[in-house]
1. As an exercise: evaluate Arg38 against (1) of a type in the set (D, E, K, R); (2) surrounded by fewer than 16 Cβ atoms within 10 Å (Cβ to Cβ); (3) modelled with pLDDT of 90 or more and give the number of the one condition it does not meet.
2. Given the options Arg102, Arg62, Arg80, name the one that is within 21 Å of Ala159 (Cα to Cα) and either at pLDDT below 90 or surrounded by 14 or more Cβ atoms within 10 Å (Cβ to Cβ) (or both).
3. Which of the residues belonging to segment 12-40 are among the polar types (S, T, N, Q), without any contact (Cβ under 8 Å) to a residue 60 or more places away in the chain and in a helix (DSSP H, G or I)?
4. For segment 41-90, how many residues are of a type in the set (S, T, N, Q) and outside any helix (DSSP H, G or I)?
5. Identify, from the list Val54, Val46, Val87, the residue that is buried (at least 19 other Cβ atoms within 10 Å of the Cβ), in contact with a Cys (Cβ under 6 Å, 6 or more places away or on another chain) and either of a type in the set (A, V, I, L, M) or modelled with pLDDT under 85 (or both).
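The values are calculated or read from the model by the stated rules, or taken from the named source; none is laboratory data. What you see is a predicted model; the values in this text were computed from it and never measured. Cβ: placed from backbone, ideal geometry, glycine included. Neighbour counts: every protein chain shown.
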Amino acid sequence: MRTWIMSRTGTISLTVAITIGAALALLSAIIAQGLSTRTASASLLVLSFIVFGVGGVLYSGRAFLNWRIEETSAHLIWERGCIITAVLAAVLGLALLEDMLRAVGDSFLARSGMVAYLFGAVVVVVAETAYLGKRDWLYPQIVLYVLVAFLAQAAFGAALLQTGLLAGWVGWATVIWNLGWLLVMLIVRPQEVYYPVLHHVAPLIIGIALLTQT
């Protein structure tokens with residue numbers, strides 16, 4: 001059983017099943033609460049983590065589980081495509097969140113965070129696309145994205161604290177997570193800073209909070 005789960009077929013099958021289950025739970029929440037800016041933003045933020053998870057599993061199989069995959073195969077396109085799609089979903093979710101924060105009194109922090117994150121998203125999408133073509137990272141662009149993404153999400157956390165749109169712990173968790181990991185990356189791993197999962201945890205927390213807190 002363990003061998004099957006660790007195999008490419010088993011791991012992908014399990015990932016698809018979990019993804020479908022999460023998507024159905026998300027759809028159920030939207031049906032129960034109705035489609036609104038709040039539920040749309042929450043869904044996109046949660047979806048960004050789910051889609052990233054698929055790409056993360058594909059990457060883990062290629063990098064750590066020794067799946068026999070050629071660098072030119074469709075596997076790599078699906079893997080990096082999921083990473084790019086997750087970033088785009090986060091951009092849309094944060095854009096809707098920025099609208100909500102502006103409606104309840106924030107006039108600077110969320111807008112600054114949105115502009116910064118959009119810029120970072122463009123940078124990383126270009127870098128990811130270039131990697132698919134050349135199989136080589138544009139590392140200065142990656143570092144720029146990591147720096148901008150952490151600071152942008154921290155700005156959203158500060159805006160949540162300022163407006164009280166969600167419970168205070170959500171804002172504090174967002175700020176601490178992003179600034180904490182930014183410092184860790186800069187001090188401990190300055191030569192290897194690109195861990196995309198770190199940029200989807202705070203959106204997941206915010207998305208779940210938007211669905212569960214009224």
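1. Of the numbered conditions (1) of a type in the set (D, E, K, R); (2) surrounded by fewer than 16 Cβ atoms within 10 Å (Cβ to Cβ); (3) modelled with pLDDT of 90 or more, the odd one out for Arg38 is (2).
2. So the residue among Arg102, Arg62, Arg80 that is within 21 Å of Ala159 (Cα to Cα) and either at pLDDT below 90 or surrounded by 14 or more Cβ atoms within 10 Å (Cβ to Cβ) (or both) is Arg102.
3. Ser13, Thr15, Thr19, Ser28
4. 3
5. Val54
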